[in-house]
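The values are calculated or read from the model by the stated rules, or taken from the named source; none is laboratory data. Keep in mind that what you see is a predicted model, and the values were worked out from it rather than measured. Cβ placement follows ideal geometry from the backbone for every residue including glycine, while neighbour counts extend to all protein chains displayed.
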Amino acid sequence: MAAPRHHHLALAVAVALLVVTAAAADEGGPRGRRVLVLVDDLAVRSSHSAFFASLQGRGLDLDFRLADDPKLSLHRYGQYLYDGLVLFAPSTPRFGGSVDQNSILEFIDAGHDMILAADSSASDLIRGIATECGVDFDESRVYGWCQDPEAMVIDHINYAATDAEGDHTLIAGDDLIQSDVILGSKKIEAPVLFRGIGHAVNPSNSLVLKVLSASPSAYSANPKSKLASPPSLTGSAISLVSVMQARNNARVLISGSLDLFSNRFLKSGVQKAGSKIRHEKAGNEQFVTETSKWVFHERGHLKAVNVKHNKVGETNEPGMYRINDDLEYSVEIYEWSGTSWKPYVADDVQVQFYMMSPYVLKTLSTDKKGVFSTSFKVPDVYGVFQFKVEYQRLGYTGLSLSKQIPVRPYRHNEYERFITSAYPYYAASFSTMGAFFIFSFVYLYHK
Amino acid sequence: MAAAGGLPASATLLLLVIAAVAVAPLASAVRPVSDAHRSAAAELFAASPDGSFGDLETTYEAVRTFQILGVEKDKGLIGKACKFAAEKLASSSSSPAKDLFHAARISGVLKCSVDSGVYDDVATRLKAVIKDTNSLLELYYSVGGLLSIKEQGHNVVLPDADNTFHAIKALSQSDGRWRYDTNSAESSTFAAGIALEALSAVISLADSEVDSSMIAVVKNDIVKLFDTIKSYDDGTFYFDEKHVDAAEYKGPITTSASVVRGVTSFAAVASGKLNIPGEKILGLAKFFLGIGLPGSAKDCFNQIEVFVPLVLSLPSKVFSLTSKDQLKVEVTTVFGSAAPPLRVNLVQVLGSDSKVITTETKELQFDLDNNVHYLDIAPLKIDVGKYSLVFEISLQEQEHETIYATGGTNTEAIFVTGLIKVDKAEIGISDNDAGTVESVQKIDLQKDTSVSLSANHLQKLRLSFQLSTPLGKTFKPHQVFLKLKHDESKVEHLFVVPGSARQFKIDFLGLVEKFYYLSGRYDLELAVGDAAMENSFLRALGHIELDLPEAPEKAPKPPAQAVDPFSKFGPKKEISHIFRSPEKRPPKELSFAFTGLTLLPIVGFLIGLMRLGVNLKNFPSLPAPAAFASLFHAGIGAVLLLYVLFWIKLDLFTTLKYLSFLGVFLVFVGHRALSYLSSTSAKQKTA
């Protein structure tokens, strides 16, 4: 009898294990791996192959197409064919097939990611897409009678001394955003080489961040012609590379330089003018690898699971709280590391107990294994409340959790019953009752 | 090592380019193959941990690239590759021609020792493949394999060379391109390169002379093929497929490399001249060098295996007058090896606007140790700025002129930089109309200064400074910006200081609206910079206190300034709910004291009853009325007790329920007891 049961148990364990491993294999990342690469010249595939190889090496499935390919399409039968887009076609005046500016923007609105690189030949189409993402490329400006579309970022102080051209348009940028999640935890030591056009970040757009900014001495102009009017972009207001994370967590990287991603810049050494240090390799390789990891959601993507709340001392989630109850709230947050979900560690996750406005806002403490928890007393206001976690951190996807819970007042019999200060009243009424009892005898039977 | 690998290869192409060309006035960034290529190659063809490079084709590409570039690889790796190839060759009957082809070539490059018997087997097998197939690739692999075996010193002869030649030629198209096999309709440029390579191999392998008329036809095909070449604006030429099929598309580099390989090898074996325009060869060379550092392993191989002849290049295009830089020119082959003895002359110097500065011919000195030609730029008497230099190359030895051409001049754009003298810097405020200067301060632009000025909207800000080049001329930099930044709102105003005006004035009267009527402190910053200026600077000058009129109602609002992204992401301040405080209660002692006081009346009542001498003589003596009286009082007691219970624990509904029962009972017994009492008292009264 014992033996077969044992057998069954083993089988059950085996099945359970199978289920667990299957679940682990299923546990995919937050984003698919199909990326469309649009180029205006297939030579870009070769000249930027190190960047593409690093994407492919991380498991992205790249589909190279010419930007004016007449068979180009982003979706078929209502389903998107790609999860990401690399737009390395700065000069393309219009896309082929069914793709246009609106379909690219719809693609992003559907929560997909994009890397866009422009250069001084950027077309109105590319500029238009960038503008919709909150980034305004330096517009071609009118000089007298002739147009000058050749504006580039020039910096006579912070240029790369390795620049063979000598016109100081090869910028050695080192004003990087302080964010481990966008640029990786390893500091980028060497300056990032940049040659291209600058852009301004729309100040009213809070979703755009400057990742690589120009130095205060930079300006955007045509190096070949004399300046007549003040350049529209100068100083650290110029952004060289910006990122945008939309409210739906779609991520977009916009660079004013296509060369930034090229093999030539990735592999070349760099020496900043006036600096003694010569770096064997420019910071570009690390920069493009780390930022592309961020763009394609291999880093900084959070998920929240197991939102729980209960009264202190209990484990079940109640349907309703009473005012002044003590409650515990916990949520598990994990970050996608590119291969697996790792516990997220931070000390600034906050929960709100919210009805029209937050009544309680408390920072959650973490056990470093992904569980964030806190406890607090329900306010003495009744109504329908919400537990809200609105987590917006630089570079991370936003978390927005809310759970509704009603709060009721005390019931009539839940108030205090014996109040000391009421003892004189109690004593008075009971002594009256006792006196009445005695008096009834005296009144009826006294003779 | 690099030169050893590179020169024979270059020589083959040079045969092709009978009108030899020195590849010099290339796109600015073209530089010969360098150590950067070597390290890139080592990185790209990184061996996997077990020491192999992957499949046979990749292995061949790796070892061939290393051979050409002279990258040393350790013996173990070579042994592994040799063994890998030998295994394939040994099992010749079962391996496809492609594997045998690559394996034979690996052995050739690495000089592996392979048994001659093995090669006999391989040759037999490949010959069999040639007979059976009509696919271009199969033909290419088998013929190529045979050639590789032959080159390793093994005696191989293709018996029916003419037939094979015809079989390959049969696949050619009228526009010079080739089909992959007889069944396919699509022709391909890539295939053309392969076919040409195969044809040249056939010619080398043939036991007798191949029909020279056929060779002439193929030459004609090559010329046609070069008519399909594509070009970029900057004179770069490349081959690409006409029909881009994304799946089989090989990219311009692979396609161009295939064609160039095929054409060069064909030219090497076929006698006679190929009629290809020189600029197309130049353009192809530009194309391959213009790629810069190749990324994928395949592109690296393609860039290295084809080759281009000579490069004139400047190690640096920026020359500083301050450090008395010498003008250095390198003339090398593309692989960075030295060119034959030659003379380089600087014939012309052009200014930025194509104005001729000097036409005096100067010969550059040759430095044998560093292999550069040099010239001091100081005697040229050129000032800072951008110039175009025109060079001429002439070979010293006559016989080289059949190989290296000196034709054409090479133009290189350079920058001459120097320290710009900045002096006579003054800043001040002047009144609008009179122009009388109220306050002028001399400032030193070598370091940050902190002048403090104040002005109202009727005054002008004056700034003047003088820039002069090392040769004493006035210098007009590209960037001269004066920036005024409002301290409070961070609004910036930028003024371009025109290079011509010796004195720069800002008239605040016309700028009031542009300044958004913002009075207060403005920081002043001056940026001066130019590509030719070594001491470009950005200086804080100090500040100016502006007193502008009040803004009228419809004045434009200053634009919004970007907020610090970090500020909006930080954690919010914690909020904790303030609970209603419980009502204040008197101290317990007071409550107890008053409880005692409220109990006093009942005590007084009891004492009073005692004093009165209360008796219960009227209590019924008969058993039945006594029972009813007792029940009546017990009922009253129960009701009172119920009140106590109601206070302690019962709720209203339970209490009322009990009370209703007790009430009915009390009415009944009360009626009986009281009616008895009233009847007895009535009796007493009547009695």
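Under the condition of being among the aliphatic types (A, V, I, L, M) and assigned to a loop (DSSP other than H, G, I, E, B), which residue from the range A:150-183 is farthest from the other protein chains (Cβ to nearest Cβ)?
Restricting attention to the range A:150-183, the residues satisfying the condition of being among the aliphatic types (A, V, I, L, M) are A:151-154, A:157, A:160-161, A:164, A:170-172, A:176-177, A:181-183.
Remaining after also requiring assigned to a loop (DSSP other than H, G, I, E, B): A:151, A:157, A:161, A:164, A:170, A:177.
Working: A:151: 13, A:157: 5, A:161: 8, A:164: 5, A:170: 11, A:177: 8 Å.
Looking at residues that are among the aliphatic types (A, V, I, L, M) and assigned to a loop (DSSP other than H, G, I, E, B), I get A:151.
Looking at the range B:572-589, which of its residues are within 8 Å of chain A (Cβ to nearest Cβ) and over 30 Å from residue A:390 (Cα atoms)?
Initial filter on the range B:572-589 (within 8 Å of chain A (Cβ to nearest Cβ)): B:572-577, B:579-580, B:585-586, B:588.
B:585, B:586, B:588 - these are the residues of the range B:572-589 that are within 8 Å of chain A (Cβ to nearest Cβ) and over 30 Å from residue A:390 (Cα atoms).
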Just give me the residues in the range A:92-109 being of a type in the set (A, V, I, L, M, F, W, C) and assigned to a loop (DSSP other than H, G, I, E, B), in sequence order. A:95, A:99
Could you give me the residue pairs with C-beta distances under 6 Å whose first residue belongs to the range B:121-149 and is of a type in the set (D, E, K, R), whose second residue is buried (at least 24 other Cβ atoms within 10 Å of the Cβ) and modelled with pLDDT under 80 wherever it lies, and which are 6+ apart or on separate chains? B:138/B:97
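From A:307, A:331, A:351, grab the single residue that is part of a strand (DSSP E or B), crowded, with 19+ Cβ neighbours inside 10 Å and in contact (Cβ under 8 Å) with a residue 40 or more places away in the chain. Can you show your working first?
Values: A:307 fails: crowded, with 19+ Cβ neighbours inside 10 Å; A:351 fails: in contact (Cβ under 8 Å) with a residue 40 or more places away in the chain.
Result of the check over A:307, A:331, A:351: A:331.
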Take residue A:372 and tell me if it is facing chain B (nearest Cβ under 9 Å) and assigned to a strand (DSSP E or B). no
Would you check if there is a residue in the range B:160-172 being crowded, with 24+ Cβ neighbours inside 10 Å, in contact (Cβ under 8 Å) with a residue 12 or more places away in the chain and of a type in the set (Ser, Thr, Tyr)? yes
Only one of these conditions is not met by residue A:305: (1) more than 14 Å from chain B (Cβ to nearest Cβ); (2) in contact with a helix residue (DSSP H, G or I) (Cβ under 9 Å, 6 or more places away or on another chain); (3) among the aliphatic types (A, V, I, L, M). Which number is it? (2)
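Condition (residue is β-branched (Val, Ile, Thr), at pLDDT 90 or above and under 30 Å from residue A:112 (Cα atoms)) applied to the range A:393-411: is it met by at least one residue? Lay out the reasoning, then the answer.
Quick first cut of the range A:393-411, residues β-branched (Val, Ile, Thr) only: A:397, A:405, A:407.
Still in the running and at pLDDT 90 or above: A:397, A:405, A:407.
Within this subset, residues satisfying the condition of being under 30 Å from residue A:112 (Cα atoms) are A:397.
Looking for residues that are β-branched (Val, Ile, Thr), at pLDDT 90 or above and under 30 Å from residue A:112 (Cα atoms), one finds at least one in the range A:393-411, hence yes.
Which of the residues belonging to the range B:100-121 are hydrophobic (A, V, I, L, M, F, W, C) and within 48 Å of the chain's Cα centre (by Cα)?
B:100, B:101, B:103, B:104, B:106, B:109, B:110, B:112, B:114
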I'd like the full set of residues that are modelled with pLDDT of 90 or more and either surrounded by fewer than 16 Cβ atoms within 10 Å (Cβ to Cβ) or outside the structural domain of residue A:399 (by TED's automatic domain parsing) (or both), limited to the range A:334-345. A:342, A:343, A:345
If the Cβ limit is 6 Å and pairs must be 6+ apart or interchain, which residue in the range A:150-174 that is at pLDDT below 80 pairs with which residue that is among the polar types (S, T, N, Q)? A:150/A:120; A:150/A:222; A:161/A:271; A:162/A:271
Mind counting the residues in the range A:184-201 that are under 22 Å from the mean Cα position of the chain (by Cα) and in a loop (DSSP other than H, G, I, E, B)? 5
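Go through B:569, B:594, B:628 for me and flag whichever is of a type in the set (A, V, I, L, M, F, W, C), at the interface with chain A (Cβ under 7 Å from one of its Cβ atoms) and in contact with a Pro (Cβ under 9 Å, 6 or more places away or on another chain). Step through it out loud before you land on a result.
Numbers: B:569 fails: in contact with a Pro (Cβ under 9 Å, 6 or more places away or on another chain); B:628 fails: at the interface with chain A (Cβ under 7 Å from one of its Cβ atoms).
When all the criteria are applied, what remains is B:594.
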What single numbered condition from (1) part of a loop (DSSP other than H, G, I, E, B); (2) hydroxyl-bearing (Ser, Thr, Tyr); (3) more than 9 Å from chain B (Cβ to nearest Cβ) fails to hold for residue A:206? (3)
For residues in the range B:317-357 being among the acidic types (Asp, Glu) and more than 22 Å from residue B:535 (Cα to Cα), which is modelled with the highest pLDDT? B:330
Which pairs turn up if I take residues in the range A:414-428 that are more than 8 Å from chain B (Cβ to nearest Cβ) and look for partners that are of a type in the set (Asp, Glu) and buried (at least 16 other Cβ atoms within 10 Å of the Cβ) with beta carbon separation below 7 Å, at least 6 apart in sequence or on another chain? none
Name the residues in the range B:602-622 that are more than 7 Å from chain A (Cβ to nearest Cβ), modelled with pLDDT of 90 or more and surrounded by 14 or more Cβ atoms within 10 Å (Cβ to Cβ), would you? B:606
I'd like to know if the range B:550-565 contains one or more residues that are touching a strand residue (DSSP E or B) at 6+ places or on another chain (Cβ under 8 Å) and modelled with pLDDT of 80 or more. no
What is the number of the single condition among (1) charged (D, E, K, R); (2) within 14 Å of chain B (Cβ to nearest Cβ); (3) more than 20 Å from the chain's Cα centre (by Cα) that residue A:388 does not meet? (3)
Condition first: in a helix (DSSP H, G or I) and either over 30 Å from residue A:353 (Cβ atoms) or more than 8 Å from chain B (Cβ to nearest Cβ) (or both). Now tell me which residues in the range A:400-413 satisfy that. A:412
Taking residue A:379, is it modelled with pLDDT of 90 or more, within 12 Å of chain B (Cβ to nearest Cβ) and closer than 30 Å to residue B:588 by Cβ? yes
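Have a look at B:162, B:175 and point out the one that is of a type in the set (D, E, K, R), part of a loop (DSSP other than H, G, I, E, B) and within 24 Å of residue B:264 (Cβ to Cβ). Write out each step before concluding.
Numbers: B:162 fails: part of a loop (DSSP other than H, G, I, E, B).
Just one listed residue meets the conditions, B:175.
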For residues that are surrounded by 14 or more Cβ atoms within 10 Å (Cβ to Cβ), closer than 30 Å to residue B:320 by Cβ and more than 10 Å from chain A (Cβ to nearest Cβ), tally how many sit in the range B:498-538. 2
